[in-house]
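The values are calculated or read from the model by the stated rules, or taken from the named source; none is laboratory data. Computed from a predicted structure; not experimentally measured. For neighbour counting, all protein chains shown are included, and Cβ atoms are generated from backbone atoms with ideal geometry for every residue, glycine included. Accessible surface is based on the protein model in full, side chains and every heavy atom, while ligands, DNA and RNA are left aside. Shrake-Rupley method; radii C 1.70, N 1.55, O 1.52, S 1.80 Å.
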Amino acid sequence: MGSSSIIEEKVPHQLECDTSEDSQHTRTGSTFGAYFNIVCVIAGTGTLQLPLALEQAGWIGVGMVLLSALIAIYTGDLLIKCLYYDGVSRLSDYPSIGQAAFGNFGKAFIRAFHYSILLGAACIYILLAGTNICELVGELGVHIDQKIWILIAAIVVWFPYVALKTVKEVAWLSIFGVVATLSVVIISVIVGFLDQSIKDVDVKHTSVNLPSIPLALASICFSFGGNVIYPHVEEGMRHPKSWNKVLTYAIITILAMYMLISIPGYLVYGNTVQSPIYLSLPQGAGTNIAIILITAHVIMAAPLYLTSFANEMEDVLKISRKYHSRSKEFTLRVILRTLIVAALAILAMFVPYADTLMSLIGALSYSIIVYMAPVVLYLKLYGWRSVGKLELLWCAIIVIIGMIALVLGTKDAIIQLVHQFEGTN
């Protein structure tokens, strides 16, 4: 859906308005690097859980994934346009858009869900990495408590997180992350189709599974949740007017990987498919390679989420060269980021249900931040009369989908999480 001609004429001018000395200093990142940042942050979790999302929804889930990709492109573009709404300067981050639209309440509301995504996703990545390492070394006869491996994974994430200050500096991690994710997709598809054990199991497929659609929708929301880092990625781009093109290509790449793993995954394993998908694969070299690669990916992606969060917190706490010497700024930054990683590691150790956490965060936070908030903020800042009737209808559809994922998806995820905790007691 395209924006109205009024908006389309306004945005290029707005993008040229950000000409401050600080902006020119930070805008040195390449378009290529921005593309890899987006793909790396978004793609990993979706490749792991979307086969299960299709099992929850049925084959209609394929259409839900396609629709969510279109929504992700649209709302990601709206979000960046909101940064330049006044035509004079650029807002700094997502919460600032909330403040511009709805005052301090809007800032606090967006910040709460925004931060829950940045921290929640990073926590899930640390949990996945620790769990995967525990499983791999267990096959080698090394039996150490999973909590220890989660702590080790957190320490590994801590090093680049502390060493690299901004999202732009973390971009090199993204290239490896994208290659790793694509390799996992290819390996999982090949190993899945070659799996002989599944031939003895009567797997079932459904076209539509209405009761589980909200939970599947929540997982799909999580799988396209890159909005939280978009302002930071765009901020570092040397050519910000290329944002929409970069975003579109990145989402299309992600969608291709999602289709490549989710359709064959559900086709082969049907109602027996698990999340992460490699739990359904037979043990062997191929599966182990996939686990190693996805572990490397989530370790690479976690600093992207955490760096976005830290950059915003450092602005709030005035941890910068403007207020402190170089050594004091570095010391304060290390202390803050160490405390953040420590808190996430503790949470990951005691809530070991990655698939349900993905669904819960997807329903509770991603449905707002990825689906509803960009639309509402955009219409508030630009005025609903600035868009055509068809686009307004499209906006209403997005908000309704977000509401379904929020209300019903959150309820189902909480019920499932409670059952999992009860099952371990």
Over 31 Å between Cα atoms: which of Lys81/Lys147; Lys241/Lys389; Lys147/Lys411 fall into that group? Lys81/Lys147
For the Cα atoms of the chain, what angle does the longest principal axis make with the long axis of helix 5-15, in degrees from 0 to 90, nearest 10? 80 degrees
When the Karplus curve 6.51 cos²θ - 1.76 cosθ + 1.60 is applied with θ = phi - 60°, which whole-Hz ³J(HN,Hα) does each residue of segment 315-327 get, with x for Gly and Pro? 5, 5, 8, 6, 8, 7, 5, 5, 10, 9, 5, 4, 5
Any idea what Rg and Dmax come out to for the chain if you just take the C-alpha atoms, in Å? 21.1, 67
What lysines sit close enough to Lys165 to cross-link, taking a C-alpha to C-alpha distance under 18 Å and skipping anything fewer than 8 places away on the same chain? Lys318, Lys322, Lys328
Could you report the chain's accessible area per residue, 1.4 Å probe, as an integer in Å²? 41 Å²
Cβ-Cβ FRET estimate between Met313 and Phe109, R0 fixed at 22 Å, reported to 0.05: 0.80
Label-to-label distance, nm, for residues given as Ile186 and Leu392 (7 Å Cα→Cβ offset): 4.9 nm
Please compute the length gained on full extension between Asn244 and Val88, using 0.36 nm multiplied by the number of residues separating them and subtracting their Cα-Cα distance. 54.1 nm
Which whole-Hz couplings ³J(HN,Hα) result when phi for each residue of segment 59-73 is put into the Karplus expression 6.51 cos²θ - 1.76 cosθ + 1.60, θ = phi - 60°, listed in order with x for Gly and Pro? 4, 4, x, 4, x, 5, 5, 4, 5, 5, 5, 4, 5, 4, 5
Sequence ranges 286-298, 101-113, 245-257, ranked by mean other-Cβ count within 10 angstrom, highest first: 286-298, 245-257, 101-113
Helix 389-404 axis, angle to the chain major axis (alpha carbon atoms, nearest 10°): 50 degrees
In whole angstrom, note down how far apart the Cα centers of segment 251-300 and segment 206-243 are. 19 Å
Hey, with R₀ at 45 Å, roughly what FRET efficiency would Trp384 and Ile252 work out to, going by the Cβ-Cβ distance, to 0.05? 0.95
Hey, what do the phi angles of segment 150-155 turn into as Karplus ³J(HN,Hα) couplings, whole Hz, using 6.51/-1.76/1.60 and θ = phi - 60°, x for Gly and Pro? 4, 5, 5, 4, 5, 5
